[in-house]
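Working notes for the structure below.
The values are calculated or read from the model by the stated rules, or taken from the named source; none is laboratory data. Everything numeric in this text was worked out from a predicted model, so none of it was measured. Quick reminder, even Gly has a Cβ in these numbers, built from the backbone with ideal geometry, and neighbours come from all protein chains shown. Accessible surface areas use protein heavy atoms only, side chains included; no ligands, DNA or RNA. Shrake-Rupley method; radii C 1.70, N 1.55, O 1.52, S 1.80 Å.
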Amino acid sequence: MEQLYNMIFKRKSFRRFDDSLTLSEEELKAIRKKIKSLIPLVNNIEVRCKAVPREKTTSKRGEYCLLIYSEEKDHYLLNIGYMFEQLDLYLASKNIGVCWYGMGKVKEPQYNNLKYVIMMALGKAKEIEFRKDYRKSKRKETSLIWKGDLSLEIGDFVKYAPSACNTQPWRVLCENNTLKIYRTTQIKSIMPKEKVPFYNSIDMGIFLFILELALSHNNFSFQRILSLENVDSNLIPIATYLLEKRRIS
């Protein structure tokens, strides 16, 4: 997990891929193997995916697109974000570029009776193409997204999680060793307004995984409690984390 934590600061969303570079069969096999080991946020949601050449989708990016399908159960969008951000970070460690491609369309909206959710564009990249200084990424001020304790220790790092159109919908309140995670609905975006809740819910799953990496890196153990969403609120509760600082012997 420590290697994945370090990839938070290396990864970036690839907009352009070098068409002269291709993924080898060995790399494709490693990707398939890694997918099988992804840890779900919610255990009882069936998720399937398949990699297809980019030309079989409407994506203009990548050599391949990973098409992700899921059962439509409570928290299924959070689950997709949580699971496949693990893949995003793993692929950065292998110099494989990734772009979460939200508005792409596929020929198969159903796969094994599961609904198409989102795709990830993938392509081989050079080490030099990845992020060198994460602090140059455009992110909101920590004070806007994180209130309360731990802001300097963790809040300054978890905000570098990727999100649709860089909307950064996460808001965190930390009090008495408890983190309360929210999704704000006060979002301005180039996305169609009706699409924002869908993609921002995936974003929140991505954020939860990045947050948990940061907590573990900073020697916190935690209990996670997912919330029942209150869609009538400007701040929609997503999860609560009960924290305990580990003792280092």
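Considered as a group, the residues in region 129-153 that are modelled with pLDDT of 90 or more and among the aliphatic types (A, V, I, L, M) include one that is surrounded by the most Cβ atoms within 10 Å (Cβ to Cβ), and that residue is Ile145. Whenever a residue of region 51-72 is farther than 15 Å from Asp18 by Cα, its partners that are open to solvent by less than 50 Å² (accessible area, probe 1.4 Å) and basic (Lys, Arg), lying with C-beta atoms within less than 7 angstrom and at least six residues away or across chains, give the pairs Leu67/Lys50.
Any residue at all in region 230-247 that is of a type in the set (Ser, Thr, Tyr), outside any helix (DSSP H, G or I), modelled with pLDDT of 95 or more and surrounded by 15 or more Cβ atoms within 10 Å (Cβ to Cβ)? Among the residues of region 230-247, at least one is of a type in the set (Ser, Thr, Tyr), outside any helix (DSSP H, G or I), modelled with pLDDT of 95 or more and surrounded by 15 or more Cβ atoms within 10 Å (Cβ to Cβ), which makes the answer yes. Cβ separations smaller than 7 Å between residues 6+ apart or across chains give no pair from region 1-18 residues that are without any contact (Cβ under 8 Å) to a residue 60 or more places away in the chain to residues that are assigned to a loop (DSSP other than H, G, I, E, B) and open to solvent by less than 40 Å² (accessible area, probe 1.4 Å).
All but one of (1) in contact with a strand residue (DSSP E or B) (Cβ under 6 Å, 6 or more places away or on another chain); (2) among the polar types (S, T, N, Q); (3) under 18 Å from Tyr199 (Cα atoms) hold for Thr57; state the number of the condition that does not hold. Of everything listed in (1) in contact with a strand residue (DSSP E or B) (Cβ under 6 Å, 6 or more places away or on another chain); (2) among the polar types (S, T, N, Q); (3) under 18 Å from Tyr199 (Cα atoms), Thr57 misses just condition (3). Scanning region 160-208 for residues that are open to solvent by less than 50 Å² (accessible area, probe 1.4 Å) and at positive phi gives a single hit, Gln168.
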